[in-house]
1. Of the conditions (1) open to solvent by less than 10 Å² (accessible area, probe 1.4 Å); (2) assigned to a loop (DSSP other than H, G, I, E, B), SER101 clears all except one; give me its number.
2. Counting only residues that are part of a helix (DSSP H, G or I), of a type outside the set (S, T, N, Q) and either in contact (Cβ under 8 Å) with a residue 40 or more places away in the chain or at positive phi (or both), how many does segment 318-332 have?
3. Out of segment 453-464, which residues are within 21 Å of GLY175 (Cβ to Cβ) and part of a loop (DSSP other than H, G, I, E, B)?
4. Condition test on LYS353, is it within 16 Å of the ligand (Cβ to nearest atom) and of a type outside the set (A, V, I, L, M)?
5. Filter segment 109-167 down to residues that are in contact (Cβ under 8 Å) with a residue 60 or more places away in the chain, outside any loop (DSSP other than H, G, I, E, B) and among the small types (Gly, Ala, Ser) and give me whichever is nearest to the ligand (Cβ to nearest atom).
6. Give the number of residues within segment 274-284 that are without any contact (Cβ under 8 Å) to a residue 60 or more places away in the chain and either under 21 Å from GLU263 (Cβ atoms) or touching a Ser or Thr at 6+ places or on another chain (Cβ under 8 Å) (or both).
7. Being modelled with pLDDT of 95 or more and either open to solvent by less than 70 Å² (accessible area, probe 1.4 Å) or among the hydrophobic types (A, V, I, L, M, F, W, C) (or both) is the filter here; which residues of segment 2-20 pass it?
8. Output the residue which, of all residues in segment 317-326 that are closer than 21 Å to MET128 by Cβ and open to solvent by 70 Å² or more (accessible area, probe 1.4 Å), is modelled with the highest pLDDT.
Amino acid sequence: MDIKNLTIQEFHDALCAKEFSAREAMDESYKAIEENKDLNAFISFTKEDAIRSADTIDAMIARGENVPLLGGVPIALKDNMLLKGSVTTAGSKILSEYVASYDGWVAEKLKGLNATIVGKTNMDEFAMGSSNENSAFGPVKNPHNKTCVSGGSSGGSAVSVACGATLGSFGSDTGGSIRQPAALCGVVGMKPTYGAVSRFGIVAMASSLDQIGPFSKTVSDSEILFNAIRGKDLHDATTFEKKELRSKPIGEERKMVIGIPKEYFIEGIDPYVSKYISDAIERLKKLGFSFKEISLPHTKYALSTYYIIMPAEVSTNLARLDGVRYLGVSEIKKDVENLKDLYIKTRGVGFGKESRRRILLGTFVLSSGYYDAYYSKAQKVRTLISQDFAKAFDEVDVILTPTTPTPAFKLGEKTNDPLSMYLSDIFTIPVNLAGLPGISIPVKKFAVGSGELPVNFQLIGKHFHEADLFAVGKEYEKE
Ligand code: GLN
């Protein structure tokens, strides 16, 4: 049995035809994880939960009952999503002892469908990073070239799918953390519209930007996984009832007009990436899609805007980690003298370098005297960036860009140069600032072992028009 190459639909059909059991699929998944141990994609495993779900599905099949499409499908969760009874570290030492006391939204949805959640994936600490080198549990390696990074912050989730250990996985995307590692690992990664998926039970990074989404091998699988987790949740007031908006009726997808922002095809993009992106555009043209040049003039301010708003929210969200709540770090508790000492030692030892950098930056931009100069101004620019997109969408249905300016870079190459690291997200960050949906799709099948580094293109849609992204993506991957 080889579940690695199956789509979710194929897996489901084979499972229902009793070609294998859910328990066997689970074993296959753990075997693949073991074989790829050196990639360091997982932080912990949830085998008891996995066995319970798999056995439930096998019993249903034995009784001749219908099982849900995701029933028995091996899935991994980024380690910032709560799964009751399991450790949730968010990639940080400060949470290394924290056991979730409830299921977050995604875990609850997946449990309801009896998907097999096999474990929690490695990530940059508190989802801050683009290479997975900021994890307290070591970096994640790229399966296409083990001397390269996986991308981040959801590197473990991307690698889990890329190496065939799970059929799908979930990550979070605040500035590109699903789409960027998907691109570096050659899988599909999707960030929904802000408010399409509940953030309940996710360790918050920057709450006005965070959104959970799926990783998968194909666009069709991405759609299945997204549909399983979208919808209104009373725990998250920013969520909406399911809205499925389309620019063109079903059957007329190829009449969509694709916008190419001139500001995104700048010097500085790696020629290797440019070549593949041109190939993707050519292929879409052949399929009948028409293209139009558009302008997003405030793009050049997106990175600086993000690096004010995001750290401001990070500094506020991480203030709760004080050593009293969420357990803290027990090894330092032995010799603390008073409460203040506990705070200082917990936060000093528990947070890594990048988290400390962003907490300081965020505290500074929110401090009195600087608030208006930085934070208020950044919010105004954020509005201008959103307006650019709104204007562009008067002329086109979706927008196409590269996902990243370069393919996977070497481990250690950018760790001492935060600015060059931040540039990895130059094409993905504006999408979060505007709250739009985006999907990152491999230009072609980059098989692990072929030696080629993957390149993905990104499609950006109007609010709640995920269906447009899936439609273009499914046409693209048809051949
Ligand atoms: N890489 C970006 C950052 O470091 C985005 C992170 C994310 O989307 N969680 O902030």
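The values are calculated or read from the model by the stated rules, or taken from the named source; none is laboratory data. What you see is a predicted model, and the numbers here were worked out from it, not measured in a lab. Here the Cβ is made from the backbone with ideal geometry for all residues, glycine too, and neighbour counts use every protein chain on show. Remember, those area values only see protein heavy atoms, side chains included, never the ligands or the DNA or RNA. Shrake-Rupley method; radii C 1.70, N 1.55, O 1.52, S 1.80 Å.
1. (1)
2. Residues in segment 318-332 being part of a helix (DSSP H, G or I), of a type outside the set (S, T, N, Q) and either in contact (Cβ under 8 Å) with a residue 40 or more places away in the chain or at positive phi (or both): 1 in total.
3. Answer for segment 453-464, where residues must be within 21 Å of GLY175 (Cβ to Cβ) and part of a loop (DSSP other than H, G, I, E, B): PRO454, VAL455, GLY461, LYS462, HIS463, PHE464.
4. yes
5. Per the criteria, the residue is ALA127.
6. The total comes to 2.
7. LEU6, THR7, ILE8, PHE11, HIS12, ALA14, LEU15, CYS16, ALA17, PHE20
8. Looking at the filtered set, the residue picked out is ARG320.
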